[in-house]
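Structure first, commentary second.
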Amino acid sequence: MSSLESQASEVTAVNPVTEAGRMAPKEYDAVLLASFGGPEGQDDVIPFLRNVTRGRGIPDERLEEVSHHYRANGGISPINQQNRDLKAGIEAELSARGIGLPVFWGNRNWDPYIPQTLQDVYDAGHRKVLMVTTSAYSCYSSCRQYREDIGLALAETGLDGKLEVDKVRQYFDHPGFVEPFVEGTAAGLADVRAQLAAAGTPDAPVHILFATHSIPTRDAEAAGRSEGEPRQFAEDSAYVAQHLATGAEVIRRVGEESGLTAPWSLVYQSRSGAPHVPWLEPDINDAIEELAGQGVIKGIVIVPLGFVSDHMEVVWDLDTEALETCRNFGIAATRVPTPGTHRKFVGGIVDLICERTAANNIADRPHVTGLGPWYDVCRPGCCSNFRGEKPTIAGADTTVGTGHDDYASDSPAGPAAPAAGQEAL
């Protein structure tokens, strides 16, 4: 067997640990693109932040203090337009493959809100929905919270038992997510090398920083931890282990395909919450300062490995703050693009959909690390919610979002349930 054949075999082999979490293909009749949401004008900023922090008792005065990055960008987060573009890309790819699945879009924290979107899905006559989220990794906020939001929305709208909603697997190591980072990291290394050459130091040391969202260490330790999960993860966290494994694969591929390489590390950004609560570290700006203090590193490539698309925490925390920190230390730097609407990423999303559909089914479940393919159906208690259990979909312990009357595509929609209120859950 050639090395390429061997590599392909490793990529598509089924992980016996995750096989138990595989769901049989179904006749889905709609796709839900679920995301975080963001403000689209100055008047939206405080209401949006109220939604994000709901239940935490944070006064508007404090929210105004932390709104500066939105205010500096006209009160507009790029995430909503990114999702419009991604939705259009998915629709175009489905159409190009002859797959007639409509795509709906709903947000957790801003219009279009998930409850109203589910109502729209039901009113349009759909009964079996497959959800894709704009979060690739495993932790409470990236996976379980989406499953909870759907569960709560089904209860709020009265659609539980009428609308079935499942979810594609976390796709941190799917080739469609990883390959855009391989391309971007290679281009980023070449760009920083060109900057250094222009400065007369072409061979100066360069470092790669894989950046992702920091989360509380308690949530990190709960990530991927559940009943029936026998694996021990790097740094005792599936969230951390997934990033490390994916980053290592990006570095391997970049070196193999471009001949470029550099030392790398995983760093965190966008920490929030009470100062006494421990979160994952190091912060990216602290890491840059430490590298600069060594007096050796002259170039840095920032790879937003934890993010699907450019949103405020990318364009502010990385493009504004982290790159400014690099400039302050005289370090040549660049920020690699997120997958966004890269053709390989859009194609990968549709591949993930096809893994789960009975028609146009793709039996292979490609994954480029030893941790995948991740579960279609999360294990009981996975990524615990320490504030209290809520109804969730797409879990082995799910009690909502399953089972409904059979629906024929040429039949009229059933009676409409009460419309959802526009507030985050």
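Of everything in segment 16-36, what is in contact with a helix residue (DSSP H, G or I) (Cβ under 8 Å, 6 or more places away or on another chain), under 17 Å from Cys143 (Cβ atoms) and either of a type in the set (Asp, Glu) or open to solvent by less than 20 Å² (accessible area, probe 1.4 Å) (or both)? Give them in sequence order.
The first filter runs over segment 16-36 and keeps only residues in contact with a helix residue (DSSP H, G or I) (Cβ under 8 Å, 6 or more places away or on another chain), leaving 23, 25-26, 28, 30-36.
Within this subset, residues satisfying the condition of being under 17 Å from Cys143 (Cβ atoms) are 23, 32-36.
Within segment 16-36, Leu32, Leu33, Ala34, Ser35 meet the criteria.
Take Glu257 and tell me if it is acidic (Asp, Glu), over 24 Å from Ser77 (Cα atoms), part of a helix (DSSP H, G or I) and touching a helix residue (DSSP H, G or I) at 6+ places or on another chain (Cβ under 8 Å). Break it down into steps so the answer makes sense when it comes.
Numbers: acidic (Asp, Glu): yes; over 24 Å from Ser77 (Cα atoms): yes; part of a helix (DSSP H, G or I): yes; touching a helix residue (DSSP H, G or I) at 6+ places or on another chain (Cβ under 8 Å): yes.
Taking the combined requirement at face value, the residue satisfies it.
Please tell me if Glu221 is farther than 25 Å from Arg271 by Cα, open to solvent by 10 Å² or more (accessible area, probe 1.4 Å) and either acidic (Asp, Glu) or within 14 Å of the chain's Cα centre (by Cα) (or both). Step through it out loud before you land on a result.
Details: farther than 25 Å from Arg271 by Cα: no; open to solvent by 10 Å² or more (accessible area, probe 1.4 Å): yes; either acidic (Asp, Glu) or within 14 Å of the chain's Cα centre (by Cα) (or both): yes.
Judged against the criteria, Glu221 is not a match.
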- Query: When you scan segment 332-347, how many residues do you find that are touching a strand residue (DSSP E or B) at 6+ places or on another chain (Cβ under 6 Å) and over 17 Å from Thr185 (Cα atoms)?
  - Reply: 0
- Query: In segment 383-413, which residues are modelled with pLDDT of 50 or more and under 20 Å from Asp123 (Cβ atoms)?
  - Reply: Ile393, Val400, Gly401, Gly403
- Task: Answer yes or no: is there a residue in segment 101-114 that is surrounded by fewer than 22 Cβ atoms within 10 Å (Cβ to Cβ) and at positive phi.
- Result: no
- Message: Only one of Glu290, Glu249, Glu281 is of a type outside the set (Val, Ile, Thr), open to solvent by 50 Å² or more (accessible area, probe 1.4 Å) and either closer than 19 Å to Val368 by Cα or in contact (Cβ under 8 Å) with a residue 12 or more places away in the chain (or both). Can you tell me which?
- Response: Glu281
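Tell me, which residue of segment 182-218 that is among the small types (Gly, Ala, Ser) and under 17 Å from Ala322 (Cα atoms) is surrounded by the fewest Cβ atoms within 10 Å (Cβ to Cβ)? I'd like the intermediate steps shown before the answer.
To start, the set of residues in segment 182-218 that are among the small types (Gly, Ala, Ser) comprises 184, 186-188, 190, 194, 197-200, 204, 211, 214.
If we keep only those that are under 17 Å from Ala322 (Cα atoms) as well, we get 188, 211, 214.
Details: Gly188: 26, Ala211: 27, Ser214: 21.
Among them, the one singled out is Ser214.
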- Query: Among the residues of segment 209-242, which ones are of a type in the set (Gly, Ala, Ser), modelled with pLDDT under 95 and not in a helix (DSSP H, G or I)?
  - Reply: Gly224, Ser226, Gly228
- Query: Inside segment 79-90, can you point out the residues that are surrounded by 18 or more Cβ atoms within 10 Å (Cβ to Cβ) and either farther than 16 Å from Val132 by Cα or out of contact with any Phe, Trp or Tyr (no Cβ under 9 Å at 6 or more places or on another chain) (or both)?
  - Reply: Gln82, Ile90
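Which of the helices (runs of 4 or more DSSP H) contained wholly in segment 63-181 include at least 1 residues that are in contact with a strand residue (DSSP E or B) (Cβ under 7 Å, 6 or more places away or on another chain) and basic (Lys, Arg)? I'd like the intermediate steps shown before the answer.
Working: elements: 68-71, 79-96, 114-123, 145-157.
In segment 63-181, 79-96, 145-157 are the helices (runs of 4 or more DSSP H) which contain 1 or more residues that are in contact with a strand residue (DSSP E or B) (Cβ under 7 Å, 6 or more places away or on another chain) and basic (Lys, Arg).
Which residue out of Pro78, Pro112 is under 23 Å from the mean Cα position of the chain (by Cα) and free of Cβ contacts under 8 Å to residues at least 40 places away in the same chain? I'd like the intermediate steps shown before the answer.
Numbers: Pro78 fails: free of Cβ contacts under 8 Å to residues at least 40 places away in the same chain.
That would be Pro112, the only listed residue that is under 23 Å from the mean Cα position of the chain (by Cα) and free of Cβ contacts under 8 Å to residues at least 40 places away in the same chain.
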- Considering only residues of segment 125-151 that are of a type in the set (A, V, I, L, M) and in contact with a Lys or Arg (Cβ under 6 Å, 6 or more places away or on another chain), which is nearest to Thr212 (Cα to Cα)? Met131
- Task: Provide a single number: the residues in segment 338-386 that are within 19 Å of Ala241 (Cβ to Cβ) and surrounded by 23 or more Cβ atoms within 10 Å (Cβ to Cβ).
- Result: 10
- Query: Which residue pairs have Cβ atoms closer than 8 Å, lie 6 or more positions apart in sequence or on different chains, and pair a first residue in segment 326-342 that is modelled with pLDDT of 95 or more and part of a strand (DSSP E or B) with a second residue that is open to solvent by 20 Å² or more (accessible area, probe 1.4 Å) and among the charged types (D, E, K, R)?
  - Reply: Ala332/Lys298; Ala333/Arg327; Thr334/Asp191; Arg335/Asp319
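The values are calculated or read from the model by the stated rules, or taken from the named source; none is laboratory data. Predicted model only: the values in this text are computed from it and were never measured. Reconstructed Cβ throughout: ideal geometry from the backbone, glycine too, with neighbour counts over all protein chains shown. Ligands, DNA and RNA are excluded from the accessible area calculation, which covers all protein heavy atoms including side chains. Shrake-Rupley method; radii C 1.70, N 1.55, O 1.52, S 1.80 Å.
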